[in-house]
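Here the structure is laid out as structure tokens; the discussion comes afterwards.
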Amino acid sequence: MSEGAAKKEERRKFQAIKGTRDLLPPDTALWNRVEQTAHEVFSTFGFGEIRLPLFEETELFRRSVGAETDVGKEMWYTFQDPLDLEQIIKERQEAGPNPYADKYGDLRAALFEVQRRVQALTLRPEATASVCRAYIEHNMEQWPQPVKLYYVGPMFRRERPQKGRYRQFYQIGAEVLGVVRPEAKQDWEKEVGKDAAIDAEVIEMLITFFDKVGLQGAELSINSIGHNGPDCRPHYIGKLYNELLKIEDKLGPDSKRRIRTNPLRVLDSKLESEQSYIEKLPHITDSLCPACSAHYAELKHELALRGVRYHENWRLVRGLDYYMRTTFEITAQGLGSQNAVCGGGRYDGLVELLGGPPTKGIGFAIGEDRLILSLQESGKAPAQQGRDVYIAWMGERAHATAIRAAKDLRKAGFSVELPPVEQKFGKALGQADKLGAKYALILGDNEVAEGLWTLKTLADGSQAKFTEPDLLDHLRKSKRVSS
Ligand code: ATP
Ligand code: MG
């Protein structure tokens, strides 16, 4: 690099990495309101918050999410955990002479040790796997069952960034996990009824949350994708595969590939030219085994009991391998083609796949970025929150009083701007206006001497004098009226 180029590189401005973004005020007020609503609504359904690490062993996601799915490996942010070589050497020395030492001696043992510890880590592309890992790690099967957990936080997928699709995005999700006690297996009808009621309640919670945040035009779709037993999904997939072969030449390259890799996913296609063919394919709900069929019927019944409106969408399959029976999705308006704000489903067996006891699970993940976009598009976003009070002070004595006034007003919950240096009143009022303040509190030598403070209402320019306690009273009353 030439010296000039090096200088230029040094002065280059940094930018957020493609697919990541800064969330700024006033938008962050809406993010906070949404998250606060999730905390409130989910806790009324008995869910507790779990805070998870942002990265895990790569192997955890390989086993659960699956490397060949739509959220597969090529989308992961994977990196090598730096090895602590000093520590390895120290431990080797402490272990004494290596019993397997040959002519390479300790070097060989040390290399094996290094190899054993080489561990790939991955930034989580989703959180269900982590919740299951935590369920196992903390023996949650000994807690009262089912365990109901929710989380809020960023996920990482290397996708093509576009509106509503980012590489760091945020999810609000919930999971219900319940260990299967050996005695429960006997009465499958009762079990199916219980599971369906849990599914329905999870969905009811979701709808309650979306109502409360004011999401417009939310539509719930449900489906059942059966289970991985001989008289159920595999049987259907066989049928589907045969039908797909018949229309193979009518399908685009993605669907063509999926006929062999994951035929169910063909149903998910949005490609216009394929739609008329896909519409005629057999429906999975006609091929469910008796238990899955009963579960699906029961789910619809339980949703109806809860007054939850839904569409059945036989083409709704989820992108991840671990789902079974119930799948659902919620779409909202104002999002273009990225209109899914939430996806979820049942995943009995995932905990066991990760080394835990046989456990049933159901959960969902809300795309918070898309939810916020939709709220903003429909004008549900709160306007910028201005200051309540701008303190226009002048003079040394007024300075001390202004500091005290700011402290008292803030303690009472008002948002206060206290300029760090004195300003001419004209300039102070201009500044108050720019910040959207409701009031200017005017503190000059006269006000301090009299113990009467001037409060100017900026909307109409009216002015009144108050003692400090009267002022607080007045502000409290007017806040109550306006909120
Ligand atoms: P999509 O079909 O839109 O890619 P998905 O099936 O990959 O969604 P899930 O893995 O089920 O989605 O995640 C649940 C929700 O998370 C989605 O409904 C969506 O709202 C949101 N989401 C998924 N990927 C992204 C992303 N890259 N950027 C923003 N939000 C996302
Ligand atoms: Mg996706």
- Task: For Lys90, go through the aspartates and glutamates and keep the ones whose alpha-carbon is under 13 Å away, minus same-chain ones fewer than eight residues off.
- Result: Asp106, Glu113
- Note on the structure: The long-range amide H neighbours of His227, using H built 1.01 Å from N in the peptide plane and a cut-off of under 5 Å, are Arg233, Cys289, Arg325
- Item | Principal axis dimensions, largest first and in whole angstrom, of segment 328-426 by Cα | 72, 38, 19
- Query: So what is the calculated 222 nm ellipticity per residue for the chain, using -39500 (n - 2.57) for each DSSP H run with n of 4 or more, over all residues, to the nearest 500 deg cm²/dmol?
  - Reply: -12500 deg cm²/dmol
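For segment 35-86, what does the accessible surface come to per residue with a 1.4 Å probe? Please give it in Å².
On the way: 3010 Å² over 52 residues.
Ligands and nucleic acids excluded, the figure is 58 Å² per residue.
Using a ≥ b ≥ c from the Cα gyration tensor of segment 156-314 (square roots of the eigenvalues), is it rounded, prolate or oblate, where a/c under 1.5 gives rounded and otherwise the larger of a/b and b/c decides, a/b for prolate?
On the way: a/c = 1.85, a/b = 1.17, b/c = 1.58.
Oblate.
Under unit Cβ charges (Lys, Arg +1; Asp, Glu -1), what dipole magnitude, rounded to 20 debye, does segment 1-96 have relative to its Cα centre? Present the calculation step by step, with values, prior to reporting the outcome.
Working: 14 positive and 19 negative charges, 110 e Å.
So the magnitude is around 520 debye.
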- Projected onto the charge dipole of the chain (unit charges on the beta-carbon of Lys, Arg, Asp and Glu, signs +1, +1, -1, -1), the Cα from Thr454, Gln87, Gly349 with the largest positive-side position is that of Thr454
- Item | Reachable aspartates and glutamates from Lys380, criterion Cα separation under 17 angstrom, eight or more residues apart if same chain | Asp27, Glu35, Asp211, Glu368, Asp369
- Along its principal axes, what span do the Cα atoms of the chain show, with the longest given first and each in whole Å? 88, 72, 55
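Select from segment 1-96 those chymotrypsin sites (Phe, Trp or Tyr not before Pro) which occupy a DSSP coil region and have at most 15 other Cβ atoms within 10 Å, ordered by residue number.
Sparse-neighbourhood loop chymotrypsin sites (Phe, Trp or Tyr not before Pro): Phe14.
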- If you roll a 1.4 Å probe over segment 134-274 with all protein chains in place, what percent of the accessible area is carbon or sulfur? 49 percent
- Free-standing Cys residues across the chain, given no other cysteine C-beta under 4.7 angstrom: Cys132, Cys292, Cys342
- Query: Short version: ³J(HN,Hα) in whole Hz for each residue of segment 432-442, in order, from phi by Karplus 6.51 cos²θ - 1.76 cosθ + 1.60 (θ = phi - 60°), x for Gly and Pro, what are they?
  - Reply: 4, 4, 4, 7, x, 5, 7, 10, 10, 9, 9
- Assign unit charges at the C-beta atoms only (+1 for Lys and Arg, -1 for Asp and Glu), then state the dipole size of segment 381-483 relative to its Cα centre in Debye, rounded to the nearest 20. 380 debye
- Message: Probe radius 1.4 Å, ligands and nucleic acids ignored: give me the carbon and sulfur share of the accessible area of segment 313-445 as a rounded percent.
- Response: 50 percent
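Can you work out the accessible area per residue across segment 172-331, with the rest of the protein chains kept in place, probe 1.4 Å, in square angstrom?
On the way: 7610 Å² over 160 residues.
Per-residue value: 48 Å².
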- Note on the structure: With the charge dipole of the chain built from beta-carbon charges (+1 for Lys and Arg, -1 for Asp and Glu) about the Cα centre, the Cα from Val213, Ser293, Tyr236 projecting farthest to the positive end belongs to Val213
- Under a straight-distance cross-link criterion of Cα-Cα below 27 Å, which lysines are reachable from Lys465, leaving out those fewer than 8 residues away in the same chain? Lys407, Lys411, Lys424, Lys427, Lys434, Lys438, Lys456, Lys477, Lys479
- Low-density loop trypsin sites (Lys or Arg not before Pro), segment 418-466, at most 16 other Cβ within 10 Å, DSSP non-H/G/I/E/B, are Lys424
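Net charge near Ala381, counting Lys/Arg +1 and Asp/Glu -1 over other residues with Cβ under 12 Å of its Cβ? Write out the running numbers ahead of the final one.
Details: positive: Arg33, Lys380; negative: Asp27, Glu377.
So the surrounding residues net to 0.
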- Task: For segment 130-143, take each phi angle, set θ = phi - 60°, evaluate the Karplus expression 6.51 cos²θ - 1.76 cosθ + 1.60, and give the result in whole Hz per residue in order, putting x for glycine and proline.
- Result: 5, 4, 5, 4, 5, 4, 6, 4, 9, 6, 5, 5, 8, 7
- Note on the structure: Karplus-derived 3J(HN,Hα) from phi for segment 65-75 (6.51 cos²θ - 1.76 cosθ + 1.60, θ = phi - 60°), whole Hz, x at Gly and Pro, runs 5, x, 6, 9, 7, 5, 10, x, 3, 5, 9
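Explain nothing, just the number: dipole magnitude of segment 236-312 about its Cα centre with +1 on each Lys and Arg Cβ and -1 on each Asp and Glu Cβ, in debye rounded to the nearest 20. Walk me through the numbers before you get to the answer.
Working: 13 positive and 12 negative charges, 34 e Å.
Dipole of segment 236-312, to the nearest 20 debye: 160 debye.
Name the shape class, rounded, prolate or oblate, that the alpha-carbon gyration tensor gives for segment 397-441, where a ≥ b ≥ c are the square roots of its eigenvalues, rounded holds for a/c under 1.5, and otherwise prolate holds if a/b is larger than b/c and oblate otherwise.
On the way: a/c = 2.58, a/b = 1.19, b/c = 2.16.
Because a/c hits 1.5 or more and a/b fails to exceed b/c, segment 397-441 counts as oblate.
The values are calculated or read from the model by the stated rules, or taken from the named source; none is laboratory data. Predicted model, so just to flag it, every value in this text is computed and none were measured. Counting neighbours? That spans all protein chains shown, and the Cβs are built from the backbone with ideal geometry, glycine included. These accessible areas exclude ligands, DNA and RNA; they are computed on the full protein's heavy atoms, side chains included. Shrake-Rupley method; radii C 1.70, N 1.55, O 1.52, S 1.80 Å.
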